[in-house]
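Take a look at the structure set out below.
The values are calculated or read from the model by the stated rules, or taken from the named source; none is laboratory data. Predicted model, so just to flag it, every value in this text is computed and none were measured. Counting neighbours? That spans all protein chains shown, and the Cβs are built from the backbone with ideal geometry, glycine included. Side chains are part of the model used for accessible areas, which takes the heavy atoms of the whole protein and leaves out ligands, DNA and RNA. Shrake-Rupley method; radii C 1.70, N 1.55, O 1.52, S 1.80 Å.
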Amino acid sequence: MSTAPGTGQVDNRLVEAVLEVLAAQESMSTGTRTRVIRQAEKLVAERHGEGTVPLPSRATYFRLIKSLSEGRHSFGAATTRRSLAGRPEAPFTPTLAARPGEVVQIDTTPLDVLAVLDDGVTGRVELTIAVDVASRTICAAILRPAGTKAVDAALLLARMLVPEPMRPGWSDALRMSEPR
């Protein structure tokens, strides 16, 4: 019997055959669930012999196919199905950090607002931000006209490393007299 989630008590050999047939649908024209059932039964009979694997009722077949085809677009638009099948595996994995400062992520995103720029013209702006992964703290941020450059990233790093009171123009009374 099957132990995969969403497959009920359907035989594993049949589940594997249905998965194989659904995978083969990626490059074919959009077919029907009946075609998948027919091809899966044929595949099971070729591999294990006629009548060896118990076949479920038609309603169970349809529930099984619905469960196994989730996210594949097996019966939707062929262009969507081919596009999804051609995607590479997701390269991103969750980033974990145990201590503050261990991993800091920097990202730039365009904001959906108009701002008056230095020259008096209105335009879109981008937010470049550095966020500490462990504490979810914003280390530094820069708001610039669209088109963030490398010098903006350097400024962001400088702002991360030098606390506000230590920057030029701040009163000596606000500076740390004895940093420990």
Q: Pull up the stretch 155-173, narrow it to residues that are part of a loop (DSSP other than H, G, I, E, B), more than 20 Å from R144 (Cβ to Cβ) and open to solvent by less than 80 Å² (accessible area, probe 1.4 Å), then point me to the one that is modelled with the lowest pLDDT.
A: S171
Q.
For the stretch 84-138, which positions are more than 23 Å from the chain's Cα centre (by Cα) and either in a strand (DSSP E or B) or within 16 Å of R159 (Cα to Cα) (or both)?
A. G101, V113, L114, A115, V116, T122, G123, R124, V125
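In the list R72, R81, R87, which residue meets the criterion of being touching a residue at least 40 places away in the same chain (Cβ under 8 Å), open to solvent by 50 Å² or more (accessible area, probe 1.4 Å) and either under 30 Å from R38 (Cβ atoms) or touching a helix residue (DSSP H, G or I) at 6+ places or on another chain (Cβ under 8 Å) (or both)?
That would be R72, the only listed residue that is touching a residue at least 40 places away in the same chain (Cβ under 8 Å), open to solvent by 50 Å² or more (accessible area, probe 1.4 Å) and either under 30 Å from R38 (Cβ atoms) or touching a helix residue (DSSP H, G or I) at 6+ places or on another chain (Cβ under 8 Å) (or both).
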Q) In the stretch 1-44, what residues are at pLDDT 75 or above, within 12 Å of L64 (Cα to Cα), open to solvent by 40 Å² or more (accessible area, probe 1.4 Å) and not in a helix (DSSP H, G or I)? A) Q9
